[in-house]
Amino acid sequence: MSDYDDGDNPYDTPQHSAPPPGPHGGGDATGGVIPYKNPPALIAYYLGLFSIIPCVGLLLAIPAFILGIIGLKKRSENPEIKGALHAWIGIIGGGLMTLLWGGLLILMFVGSATR
């Protein structure tokens with residue numbers, strides 16, 4: 001007869017259960033800050049930020065606006081995924097930069113055509 005009949009063997013590897021989920025509901029290491037489950041919102045965010053670069057701003061701003069709308073729709077369809085703020089930054093940044101760079105481009109064409 002053994003002294004360890006109750007299953008308490010000191011030489012066994014300990015059996016640990018998984019830690020309880022965090023306050024955001026999943027085991028997300030980013031804490032919900034980076035919306036990796038909503039790629040359109042994340043891409044819109046970066047395109048919206050980089051659309052302030054002069055020569056490529058218009059080329060980045062238009063997709064930022066479009067992807068921001070797609071990311072916002074994706075967020076409204078599935079509230080469990082994050083990314084609403086990233087999508088709004090893409091929409092606002094892309095929209096403003098489209099107006100700015102598009103307006104400057106039109107002014108350049110009008111100015112060169114009147115010479």
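Quick notes on this structure:
- The residue pairs whose first member lies in the stretch 41-52 and is free of Cβ contacts under 8 Å to residues at least 24 places away in the same chain and closer than 18 Å to Leu100 by Cα, whose second member is in a loop (DSSP other than H, G, I, E, B) and of a type in the set (Val, Ile, Thr), and whose beta carbons are closer than 8 Å, counting only pairs six or more residues apart or on different chains, are Phe50/Val56.
- Lys74 vs. criteria touching a residue at least 40 places away in the same chain (Cβ under 8 Å) and buried (at least 18 other Cβ atoms within 10 Å of the Cβ): no
- Every listed requirement among (1) surrounded by fewer than 22 Cβ atoms within 10 Å (Cβ to Cβ); (2) touching a Leu at 6+ places or on another chain (Cβ under 7 Å); (3) among the small types (Gly, Ala, Ser) is met by Gly90 save one, (1).
- Cross-chain or 6+ apart pairs with Cβ under 7 Å, the stretch 84-101 first and at negative phi, then among the charged types (D, E, K, R) and surrounded by 22 or more Cβ atoms within 10 Å (Cβ to Cβ): Ala84/Arg75; Ala87/Arg75
- Considering each residue of the stretch 7-29 in turn, at least one proves to be at pLDDT 75 or above, over 26 Å from the mean Cα position of the chain (by Cα) and more than 20 Å from Ala61 (Cα to Cα).
- Test result for Met97, closer than 11 Å to Leu47 by Cα and either more than 16 Å from the chain's Cα centre (by Cα) or not aliphatic (A, V, I, L, M) (or both): yes
A quick yes/no check of all residues on (1) out of contact with any Cys (no Cβ under 7 Å at 6 or more places or on another chain); (2) assigned to a helix (DSSP H, G or I); (3) at pLDDT below 95; (4) closer than 17 Å to Ile34 by Cβ:
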position: Leu58; (1), (2), (3), (4): yes, yes, yes, no
position: Gly68; (1), (2), (3), (4): yes, yes, no, yes
position: Ile81; (1), (2), (3), (4): yes, no, yes, yes
position: Leu85; (1), (2), (3), (4): yes, yes, yes, yes
position: Gly90; (1), (2), (3), (4): yes, yes, no, yes
position: Leu99; (1), (2), (3), (4): yes, yes, no, no
position: Ser112; (1), (2), (3), (4): yes, yes, yes, no
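The values are calculated or read from the model by the stated rules, or taken from the named source; none is laboratory data. Owing to the predicted nature of the structure, the values given are computational and were not obtained by experimental measurement. All Cβ positions, glycine included, derive from the backbone under ideal geometry; neighbour counts span all protein chains shown.
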